[in-house]
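Q: Quick one: the structure is below, questions incoming.
The values are calculated or read from the model by the stated rules, or taken from the named source; none is laboratory data. This structure is a prediction, so every number in the text was calculated from the model and none was measured. As a convention, Cβ positions derive from the backbone with ideal geometry for all residues, glycine included, and neighbour counts pool all protein chains shown.
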Amino acid sequence: MREPFQNEPFTDFSVVDHVVDFQEALRKVEAELGQEYTLKIGPNRIETIQKRKSINPSDVGQLVGIVSQADTVLAHKAILAAVSAFDSWKQVAPLARARVLYKAAAMLRRRKHEFSAWLVYEAGKSWAEADADTAEAIDFLEFYGREMERLADRQPVVALGGEDNELVYIPLGVGIIIPPWNFPLAIMAGMTMAAVVAGNTVVLKPASATAVIAAKFVELLEAAGLPDGVVNFLPGAGSEVGDFLVEHPLTRFVCFTGSREIGIRINEKASLIQQDQKWLKRVVAEMGGKDTIIVDQDADLDLAADAITASAFGYAGQKCSACSRAVVHELVYDEVIEKVVARTKQLKLGKANEQSTYVGPVIDERAYLSILKYIEVGRSEGIIVHGGKIGDSSGYFIEPTIIKDIAPDDRIAQEEIFGPVLAFIKAESFDEALTIANNTEYGLTGAVISRNRSRLEQAREQFHVGNLYINRKCTGALVGAHPFGGFNMSGTDSKAGGRDYLLLFTQAKVISERF
């Protein structure tokens, strides 16, 4: 019998041996930079003329890899390969499918630092952020394997005399997996393998900025014994192949994590019935957030400052769960700002491969320029009390930036920036703080720092987010413990890493036999 699920422990980098091991992994990966990566459609590896370079955001002169790019002809072939593989994969016993995930998890665990090193170079993640990403990928594999085993058991239905009634969960068909670049291993692996373990086959279109990491994961799946055609690797420009995949009549579902704009576009296109399409496509989407930490007047202010700083500037604020707004009671407003500024000054901005770095680069030039424009907007809407400048010009470095005296309806308070920019908003009361926290179109994460039980209970009822954290930071959801997903424009109310998630990739069939 398999042991109960437990989260993969994070690496303790205060241990010298762990530091040495990670440095060795960085050297190993650095020696492999610049290689070429092909598409994988069914059993075939396909090199294309059109290619895209992946670069290190910490050092834009360093090439991470060169990735072949698909067109619509190859996208069609990938869907057909997935359709062909579905006929046999759906008949594989659920436990056997789960064993592929367990095998992949074991192999990933043995190569944990190696995959984390790829995250350092391609995604610009610090050591700790990369290690957490890889640990979460392992968690998803282990958790979803067990979830499939649970769903494969006989499900409870009301007994009727003279009848045998059974409910079984069967797969949907061919799915399109479109993961984000900010958790390019964990979320990519979780989305892909949740669909696969449920018996579906997929076309994986990785985020362009982090396609090499996805290619490495697909290689891992091959080594773990996943049959050809179950996961088809199809890097390519979203503008060229994304719409085609979503609109294809043989696509049964789309699983997406990314921006609000693209999520809405996918939802709209998937809703249109194509010729010869005989189902309503299912869309599973996580679309970002504008997340708030509320600090009450009687809060532990050191705890508040720690939570805000970590939530705002971990991975340079490039998390959909990141704290981009701190709404603070007017009686402690100035003191909390002072404490957060003091802590932020201690955060080292630098290259992701350096152990001392806390805030690394943002992902690419497009993000870099967008964030800098938002900082200028913030300069006009409030007062910059820390940061606001760029770092080393060799990479996409932006200082952690804190802007105070922002109004609740300002652009800085409403639009998802996805970078190291934190807005402080003053509230006259806890009621007003909750109103401000709920005044965006998103509803992903939030946190409340308070010692007042009645206000904490009020927040439990009135703070409308999918993941509410009390007296802790609003980032760092753990698989199994914190099923993750938000409300409103944050997505389709799915909960990754929870007991409901695999149901999104299955359909329930009831069989009744009269004796």
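Q: If you scan segment 80-125, which residues turn out to be among the acidic types (Asp, Glu), more than 30 Å from Ala209 (Cβ to Cβ) and touching a Lys or Arg at 6+ places or on another chain (Cβ under 9 Å)?
A: Residues satisfying the conditions do not exist here.
Q: Among all residue pairs at least 6 apart or on different chains, which show Cβ distances below 7 Å where the first residue, located in segment 274-287, is basic (Lys, Arg) and the second is assigned to a strand (DSSP E or B)?
A: Lys281/Phe253; Lys281/Val254; Arg282/Phe253
Q: Ser324 passes all but one of (1) more than 30 Å from Trp118 (Cβ to Cβ); (2) part of a strand (DSSP E or B); which number fails?
A: (1)
Q: Moving to a separate point now. Out of Gly238, Gly263, which single residue is of a type in the set (Gly, Ala, Ser), assigned by TED's automatic domain parsing to the domain that holds Ala207 and either closer than 30 Å to Arg453 by Cβ or modelled with pLDDT of 95 or more (or both)?
A: Just one listed residue meets the conditions, Gly263.
Q: How about segment 206-223: which of its residues are small (Gly, Ala, Ser), assigned to a helix (DSSP H, G or I) and farther than 17 Å from Arg97 by Cα?
A: Ser208, Ala209, Ala211, Ala214, Ala215
Q: Mind listing whichever residues of segment 9-58 are more than 24 Å from the chain's Cα centre (by Cα) and assigned to a strand (DSSP E or B)?
A: Gln35, Glu36, Ile41, Asn44, Arg45, Ile46, Lys51 - these are the residues of segment 9-58 that are more than 24 Å from the chain's Cα centre (by Cα) and assigned to a strand (DSSP E or B).
Q: Six or more apart or on different chains, Cβ under 8 Å: which pairs go from a residue in segment 59-74 that's free of Cβ contacts under 8 Å to residues at least 60 places away in the same chain and at negative phi to one that's small (Gly, Ala, Ser) and not in a strand (DSSP E or B)? Could you list them?
A: What qualifies is Leu63/Gly34; Ile66/Gly34.
Q: Would you confirm whether any residue within segment 101-111 is outside any helix (DSSP H, G or I) and either modelled with pLDDT of 95 or more or over 19 Å from the mean Cα position of the chain (by Cα) (or both)?
A: Yes, that holds for at least one residue.
Q: So, of the residues in segment 470-492 that are free of Cβ contacts under 8 Å to residues at least 60 places away in the same chain and over 15 Å from the mean Cα position of the chain (by Cα), which turns out to be surrounded by the most Cβ atoms within 10 Å (Cβ to Cβ)?
A: Ranking the qualifying residues of segment 470-492, first place goes to Asn488.
Q: Mind checking whether some residue in segment 363-375 is out of contact with any strand residue (DSSP E or B) (no Cβ under 8 Å at 6 or more places or on another chain) and of a type in the set (Ser, Thr, Tyr)?
A: yes
Q: Taking the residues in segment 276-287 that are surrounded by 24 or more Cβ atoms within 10 Å (Cβ to Cβ) and part of a loop (DSSP other than H, G, I, E, B) as candidates, determine which candidate is modelled with the lowest pLDDT.
A: Step by step, filter segment 276-287, then rank; the result is Met287.
For (1) closer than 20 Å to Leu301 by Cα; (2) of a type in the set (S, T, N, Q); (3) at pLDDT 95 or above; (4) surrounded by 23 or more Cβ atoms within 10 Å (Cβ to Cβ), each residue gets a yes or a no:
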{"residue": "Asp392", "(1), (2), (3), (4)": "no, no, no, no"}
{"residue": "Ala407", "(1), (2), (3), (4)": "no, no, yes, no"}
{"residue": "Arg411", "(1), (2), (3), (4)": "no, no, yes, no"}
{"residue": "Glu415", "(1), (2), (3), (4)": "no, no, yes, no"}
{"residue": "Phe418", "(1), (2), (3), (4)": "no, no, yes, yes"}
{"residue": "Val421", "(1), (2), (3), (4)": "no, no, yes, yes"}
{"residue": "Ala437", "(1), (2), (3), (4)": "yes, no, yes, yes"}
{"residue": "Glu441", "(1), (2), (3), (4)": "no, no, yes, no"}
{"residue": "Leu444", "(1), (2), (3), (4)": "no, no, yes, yes"}
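Q: On to the next question. Look at segment 388-405 and say how many of its residues are closer than 17 Å to Glu338 by Cα and touching a residue at least 60 places away in the same chain (Cβ under 8 Å).
A: Counting residues in segment 388-405 that are closer than 17 Å to Glu338 by Cα and touching a residue at least 60 places away in the same chain (Cβ under 8 Å) gives 3.
So that you can scan it fast, the table gives a plain yes or no per residue for (1) in a helix (DSSP H, G or I); (2) more than 25 Å from Pro206 (Cα to Cα); (3) out of contact with any strand residue (DSSP E or B) (no Cβ under 7 Å at 6 or more places or on another chain):
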position	(1), (2), (3)
Gly145	yes, no, yes
Leu151	yes, yes, no
Pro156	no, yes, yes
Ala159	no, yes, yes
Glu166	no, yes, no
Tyr169	no, yes, no
Gly175	no, no, no
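Q: Just checking, does segment 368-387 include any residue being closer than 26 Å to Arg52 by Cβ, out of contact with any Ser or Thr (no Cβ under 9 Å at 6 or more places or on another chain), in contact (Cβ under 8 Å) with a residue 40 or more places away in the chain and assigned to a helix (DSSP H, G or I)?
A: Within segment 368-387 (the criterion being closer than 26 Å to Arg52 by Cβ, out of contact with any Ser or Thr (no Cβ under 9 Å at 6 or more places or on another chain), in contact (Cβ under 8 Å) with a residue 40 or more places away in the chain and assigned to a helix (DSSP H, G or I)), the answer is yes, since at least one residue qualifies.
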